[in-house]
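So the structure is just underneath, and the comments pick up after that.
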Amino acid sequence: MELTGITWDHPRGYAPMIASSVLYEKLFGIKLTWEKRSLTNFGDQSLAALAEAFDLLIIDHPHAGIAFETNCLVPLDELLPGEKLNELKKQSTGPCFASYNYKGKQWAIPVDAAVQCSAYRPDLLGDFGIPKNWTEVFELTDILKGRNLQVCIALSPTDSLCSFLTITAQLGSPVQEGNEMLVKRGTGLQSLELMRRMRDNFHENSLNWNPIQLCDYMSANDSIAYAPLLFCYTNYSRVGFRKNILRYGGAPGITNAVLGGAGIAVSAKGKYLNEAAEYASWVCSSEIQSSVYLMAQGQPANIVTWKSDFANELTNNFFFNVFDTLTNAFLRPRYSGWPEFQKYLGEVLHAYLKDDNDPAQVLDHLQEAYSQSYKKTK
């Protein structure tokens, strides 16, 4: 028996899946092979098409509505005993488990947990504290400029949309499924202005980078001391992964930072549905998440690992430092029209920042596209 899976292209995404699969074959005689796709495709690629080709899929929670509409995945509550799912639910960190529950069905189990938070170089930041709000972020930016150091943020199209969602939620107008308005107009304009201010004051490559590119640069070079908002990667907080250690902390405002991470799902087209579900529950268990998964550069979703002294010693307290932000994370909409809309949202926001488009017109375009996205939902 052989199962196939698709994950995403970063050591955090594929190394723990490969390592756990090697162990699983030794223990149970079932072989698993994994392919990987880019981070962009992880957020944008067709879930239904992937389900045609693989038994196991590592997915993003906003695709839960597509799973519901297309039936391309098998709900895990139809394959796993209720007591096993309840145990995994109790051991899930923050809203991770709930993010894959849509229309009363559990479409995936969280295998990886992440949230937008801050990152910094402790050797460069020195005694300066982590900013608690956006006013303090810009105050720190000015101080660091006087020391020939910079602040940066990931504002690729995907990250522009996520930062916009974080900021609007923090300002009191969260983008929530079923809202008639995408955001309150005043909040939307305020958020766009804040993002433009970031562009003008932060590192010149902010518009070009995703979190991986930013963390790679930040850990290898000595010009960026702090990043206020990006998806966290435990790898960079481990000794030996890159030249310099990054530490992670709360996002400005702490609450309502966008939830990231990944879930493991079972394709409805597979031949071995029960066996695939068994592996999914096994790799998400506290025992595996806290051992082989963690040690293979993984970023577990299981709260037992997040609270583990061993895991935090390994990662310079990554899990302790990000825990509050993750616990209070903001959950994106998940209706079937959302993934296509969020891709457009990111493209429009990125163009706004790159080309200095009129913010009022930007909001008008986004509102129209948002309304249309519901009309495309069955």
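Restricted to region 280-378, the set of helices (runs of 4 or more DSSP H) holding at least 2 residues that are crowded, with 20+ Cβ neighbours inside 10 Å comprises 303-306, 318-327, 338-355, 359-375.
Pairs meeting the criteria (first residue in region 135-155 and in a loop (DSSP other than H, G, I, E, B), second residue among the aromatic types (Phe, Trp, Tyr), beta carbons under 7 Å, at least 6 apart or on different chains) are Cys152/Phe202; Ile153/Phe202; Ala154/Trp209. State whether the residues of region 164-171 include one that is among the polar types (S, T, N, Q), in a loop (DSSP other than H, G, I, E, B) and surrounded by 19 or more Cβ atoms within 10 Å (Cβ to Cβ). No, that holds for no residue.
Let's see how each residue does on (1) more than 23 Å from Asp123 (Cβ to Cβ); (2) not in a helix (DSSP H, G or I):
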site	(1), (2)
Glu180	yes, yes
Glu193	yes, no
Glu204	no, yes
Ser219	no, no
Ala227	no, yes
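The residues of region 46-69 that are in contact (Cβ under 8 Å) with a residue 40 or more places away in the chain and either more than 21 Å from Cys96 (Cα to Cα) or of a type in the set (Asp, Glu) (or both), listed by number, are Leu50, Ala51, Glu52, Ala53, Phe54, Asp55, Asp60, Glu69. Could you grab the pairs with beta carbons closer than 8 Å, sequence gap of 6+ or different chains, first residue in region 267-279 and touching a residue at least 24 places away in the same chain (Cβ under 8 Å) and charged (D, E, K, R), second one in a strand (DSSP E or B) and crowded, with 18+ Cβ neighbours inside 10 Å? Correct list of pairs: Glu275/Leu3.
Considering only residues that are assigned to a strand (DSSP E or B) and either modelled with pLDDT under 95 or not acidic (Asp, Glu) (or both), which ones fall in region 112-134?
Going residue by residue through region 112-134, those that are assigned to a strand (DSSP E or B) are 112, 115-120.
Passing the criteria: Val115, Gln116, Cys117, Ser118, Ala119, Tyr120.
The residue that is modelled with the lowest pLDDT, among those in region 353-373 that are under 21 Å from Ala154 (Cα atoms) and of a type in the set (Asp, Glu), is Asp356.
When both residues are 6+ apart or on different chains and their Cβ atoms are under 7 Å apart, which pairs have a first residue that lies in region 317-330 and is of a type in the set (Phe, Trp, Tyr), and a second that is surrounded by fewer than 24 Cβ atoms within 10 Å (Cβ to Cβ) and not in a helix (DSSP H, G or I)? Listed by first residue and then by second, the contacts come to Phe330/Pro174; Phe330/Asn256.
As a summary of the residue check, Leu230 satisfies the conditions (1) in contact with a Cys (Cβ under 9 Å, 6 or more places away or on another chain); (2) surrounded by 19 or more Cβ atoms within 10 Å (Cβ to Cβ); (3) among the aliphatic types (A, V, I, L, M); (4) assigned by TED's automatic domain parsing to the domain that holds Thr40 except for the one numbered (4).
Okay, residues lined up against (1) within 13 Å of the chain's Cα centre (by Cα); (2) outside the structural domain of Leu182 (by TED's automatic domain parsing); (3) buried (at least 24 other Cβ atoms within 10 Å of the Cβ):
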position	(1), (2), (3)
Ser92	no, yes, no
Ala98	no, yes, no
Asn101	no, yes, no
Leu125	no, no, no
Thr135	no, no, no
Phe138	no, no, no
Leu144	no, no, no
Asp159	yes, no, yes
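Would you confirm whether any residue within region 193-206 is out of contact with any helix residue (DSSP H, G or I) (no Cβ under 8 Å at 6 or more places or on another chain) and closer than 26 Å to Val239 by Cα? Within region 193-206 (the criterion being out of contact with any helix residue (DSSP H, G or I) (no Cβ under 8 Å at 6 or more places or on another chain) and closer than 26 Å to Val239 by Cα), the answer is yes, since at least one residue qualifies. Cβ-Cβ contacts under 6 Å between residues 6 or more apart (or on different chains), taken from a first residue in region 284-296 that is touching a residue at least 12 places away in the same chain (Cβ under 8 Å) to a second residue that is among the β-branched types (Val, Ile, Thr), are listed as Cys284/Ile109; Cys284/Val111; Ser286/Val304; Gln289/Thr305; Ser290/Val304; Ser290/Thr305; Leu294/Thr305. For region 241-279, the set of residues classified as farther than 20 Å from Leu314 by Cα, surrounded by fewer than 24 Cβ atoms within 10 Å (Cβ to Cβ), polar (S, T, N, Q) and at pLDDT 95 or above consists of Asn274 only. If you go through region 239-263 and keep only what is farther than 15 Å from Leu229 by Cα, touching a Pro at 6+ places or on another chain (Cβ under 8 Å) and in a strand (DSSP E or B), you end up with Ala262, Gly263.
The values are calculated or read from the model by the stated rules, or taken from the named source; none is laboratory data. All values reported here derive from a predicted model rather than from experimental measurement. As a convention, Cβ positions derive from the backbone with ideal geometry for all residues, glycine included, and neighbour counts pool all protein chains shown.
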